[in-house]
Amino acid sequence: PRRGVKGHLETMKPLKNYDNYIKFRNLLGKQRFTRKTSTVTYWRDRKEILPLKGVKCRSCGTVQYPIVRVCYECGSKDDFDEVRLAKRGTIFTFTLDHLAGGEYYATPIPRVVVELEGGGRVFVEMTDCNPDEVRIGMPVELTFRIIHESGGFYHYYWKARPVREKKEGK
């Protein structure tokens with residue numbers, strides 16, 4: 001019998017989450033994305049990744065990360081001083097990402113842009129936090145964590161977590 005749209009809506013069975021739908025419809029292949037780690041790239045970028053260094057423009061004073069050759073604020077070229085960036089700041093903006101590495105996650109991964117104390121912004125994942133608690137202006141600190149493993153090489157990078165306050169009396 002013909003039910004029409006209204007009839008289908010009245011008899012539909014909702015799925016628990018989008019993950020079930022895309023698996024049922026085979027819309028997202030599991031092997032779409034392979035995480036790779038390059039020891040050469042890691043070595044080349046060791047100055048900015050491990051110690052978290054950026055640059056400060058000599059012309060306008062803008063702090064930037066990652067290290068660049070042209071200032072995005074004033075356009076000056078190759079006129080920078082290297083600076084160590086702060087490991088604390090506040091969330092400038094964020095997104096809750098359900099897709100990571102070609103897979104759908106029912107619990108989203110918070111990805112944040114942190115405005116660092118002293119200048120500069122860095123785009124990182126959030127950790128040690130319920131995704132529902134992430135807010136613009138939230139104080140965070142950077143922590144060095146494993147991002148993934150590939151070919152026997154562990155890739156580390158910075159993640160943000162809520163600032164841990166010391167409890168009184170301790």
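Segment R58..D78, full-extension length gain: 6.3 nm, with 0.36 nm per residue of separation and the alpha-carbon distance subtracted. Between I136 and R3, the FRET efficiency estimated from the beta carbon spacing at R0 = 41 angstrom works out to 0.35. A simple spin-label model places pseudo-atoms 7 Å from Cα toward Cβ; at D128 and H148 they are separated by 2.4 nm. Among T62, T95, the ranking by other beta carbons within 10 Å of each residue's beta carbon, starting with the fewest, stands as T95, T62.
Quick note: the coordinates plus some simple rules give every number you see, no bench work behind them. The structure presented is a predicted model; accordingly, all values stated were derived computationally and were not measured. Note: ideal-geometry Cβ built from the backbone for every residue, glycine included; neighbour counts use all protein chains shown.
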